[in-house]
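Everything below concerns the one structure shown next.
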Amino acid sequence: MSIVRFLFGHWALKVGALLLALILYVGMVALQSTQEWPGSVPIELVNQPADARLLSPNSIPTVGSIRYIAPADVRVSKDSFSATLDLKDAKVDPSASTWVKVRLEADQRIQIIDYQPQQVRVVLDHVESRTVPVKLETGALPTGLRLGTQTYVPSVEATGASTLVAQVVRAVARVTIDNSGLDVKDDVPVVPVDANGQTVDNVTLNPATIHVDIQIGSQLQSQTVAVVPVIQGSPAAGYYVTSIDVNPLVVSVSGEANALALLGGAANTAPISIAGATGDVSVKVALNLPSGVEAPGVTTVAVVVHLTSPATTRTVTVGIVPAGARTDLEYALSTPSVTVTLGGAAAALNAFDTSTLVGVASVGSLGPGSYTVKIAISVPPGIQVVARNPSQIIVTVSSPPTPPPPPTLSPTLPPTSAPAP
């Protein structure tokens, strides 16, 4: 009851005191006139999700129309205020927006009465990274100049809101060629662009700049030169190069006159090794061009190096064996060996072990008697039997003699003893 009496007792006096305090406050405010600061304050984004980006960060306004009350001795400037936009609770959805309150703070001696805007609508999208190709743009070249070899990284990584990254088709490095005709060696910024060549804002590229080397010359020329294969090494013993096929036989090259002069009318290939080869060598190989010379459209040439070995002969003596001999017959050969002349590539003959050769006289179908039989000799592929002497022999077949019967022995009688006298 004492608390109720305290709250509601003498209520008329209390209302009067409240009205007096309000009048005094209004009077104080009236004595300090309300002012409006003419400048603007940028809004700082706080608590932005690590996996999200504003879809249109450039649409975030600045805070202006700031009305405030401050003592006369307080100097008010841009540094007196700070504005933030807390994105902690904003939706991450490119199809939906979120209204977020703008928080404006000031020097403690300054009382903020009003400012605009009080809230801002934002749209957040998921972060995406994608590799995009780099294109070099040089614009119109001064009269008399032409571009030579261009060297730069072929791609960069684009990162930003998924909706924006999807619009990027390439990164463009823009280089201006001046009348000096000097080669360009510079670090150039790259810009993300869409299919129409328009810059896609709010997408970052990594790296943001690339190093560009461009050869520029006033005497760039083109000429057609022969392709010359460069052969290194030696084939296996007994082999040699008979011919070389090259496709294409000629190429069109371009470069400055002094660089083209180094070719001497021919474009060499990179070295082609035939070391130890025992057959044709077929390769695709790049051209070995001097610095400043290029062959547009030609990456490799096809080269076939044909190898062979000179033909030669070799004479060896080969033993003869009867093939198909029966165990119940005897075979007599007119000669035990034949002289054979072999022909073929020197390398093949050198590699062939002639000790494995044998002459074969086929006797399996022969009965007792004398016969003229051809000698057969088998050789490996690549080797031929040029001659054999003799080419045929006489084989005499006979039955083995019948062994004589064993002698008949008379029985031996024991000696008879003489009668006693």
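The values are calculated or read from the model by the stated rules, or taken from the named source; none is laboratory data. Since we're looking at a predicted model, the values are computed, not measured. Note that each Cβ is placed from the backbone with ideal geometry, even for glycine, and that neighbours are counted across all protein chains shown.
Tabulated data for the structure shown
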quantity: Test result for VAL188, under 23 Å from GLN150 (Cα atoms) and assigned by TED's automatic domain parsing to the domain that holds PRO296; calculated: no
quantity: Residues that are closer than 30 Å to LEU55 by Cβ and outside any strand (DSSP E or B), drawn from segment 208-247; calculated: ALA208
quantity: Test set (1) at pLDDT 95 or above; (2) touching a Leu at 6+ places or on another chain (Cβ under 7 Å) - VAL303 fails condition number; calculated: (2)
quantity: Residue match in segment 257-270 (condition: closer than 30 Å to VAL385 by Cα and hydrophobic (A, V, I, L, M, F, W, C)); calculated: no
quantity: Enumeration of residues in segment 153-174 that are surrounded by fewer than 17 Cβ atoms within 10 Å (Cβ to Cβ) and under 29 Å from PRO290 (Cα atoms); calculated: VAL153, PRO154, SER155, ARG174
quantity: Listing of strands (runs of 3 or more DSSP E) fully contained in segment 104-207 that carry 2 or more residues being at pLDDT below 90, out of contact with any strand residue (DSSP E or B) (no Cβ under 8 Å at 6 or more places or on another chain) and polar (S, T, N, Q); calculated: none
quantity: Residue match in segment 86-95 (condition: in contact with a Pro (Cβ under 8 Å, 6 or more places away or on another chain), crowded, with 18+ Cβ neighbours inside 10 Å and at pLDDT 95 or above); calculated: no
quantity: Members of segment 131-149 found to be under 30 Å from ALA52 (Cβ atoms) and surrounded by 15 or more Cβ atoms within 10 Å (Cβ to Cβ), listed by number; calculated: VAL132, VAL134, LYS135
quantity: Looking only at segment 248-266, and only at residues there that are closer than 14 Å to SER291 by Cβ and assigned to a strand (DSSP E or B), the one that is modelled with the highest pLDDT; calculated: VAL253
quantity: Residue within segment 114-132 that is in contact with a Lys or Arg (Cβ under 8 Å, 6 or more places away or on another chain) and basic (Lys, Arg) present; calculated: no
quantity: Sole residue being more than 26 Å from VAL298 (Cβ to Cβ), under 30 Å from the mean Cα position of the chain (by Cα) and not β-branched (Val, Ile, Thr), chosen from ASP245, ASP194, ASP183; calculated: ASP194
quantity: Only one of ALA351, ALA302, ALA325 that is surrounded by 15 or more Cβ atoms within 10 Å (Cβ to Cβ) and within 45 Å of the chain's Cα centre (by Cα); calculated: ALA351
quantity: Every pair of residues 6+ apart whose Cβ atoms lie under 6 Å, when the first sits in segment 88-108 and is within 18 Å of VAL123 (Cα to Cα) while the second is acidic (Asp, Glu) and assigned to a strand (DSSP E or B); calculated: PRO94/ASP125
quantity: Unmet requirement for PHE6, which otherwise passes all of (1) modelled with pLDDT of 90 or more; (2) of a type in the set (Phe, Trp, Tyr); (3) outside the structural domain of ASP93 (by TED's automatic domain parsing); calculated: (1)
quantity: Complete set of residues in segment 212-234 that are modelled with pLDDT under 90 and either crowded, with 18+ Cβ neighbours inside 10 Å or closer than 16 Å to GLY276 by Cα (or both); calculated: ILE214, GLN215, ILE216, GLY217, LEU220
quantity: Whichever residue in segment 278-293 is in a strand (DSSP E or B), over 22 Å from the mean Cα position of the chain (by Cα) and surrounded by 13 or more Cβ atoms within 10 Å (Cβ to Cβ) and, among such residues, is modelled with the highest pLDDT; calculated: VAL281
quantity: Unmet requirement for GLY64, which otherwise passes all of (1) touching a residue at least 24 places away in the same chain (Cβ under 8 Å); (2) within 30 Å of SER129 (Cβ to Cβ); calculated: (2)
quantity: Strands (runs of 3 or more DSSP E) (entirely within segment 349-421) containing at least 3 residues that are at pLDDT below 90; calculated: 383-389
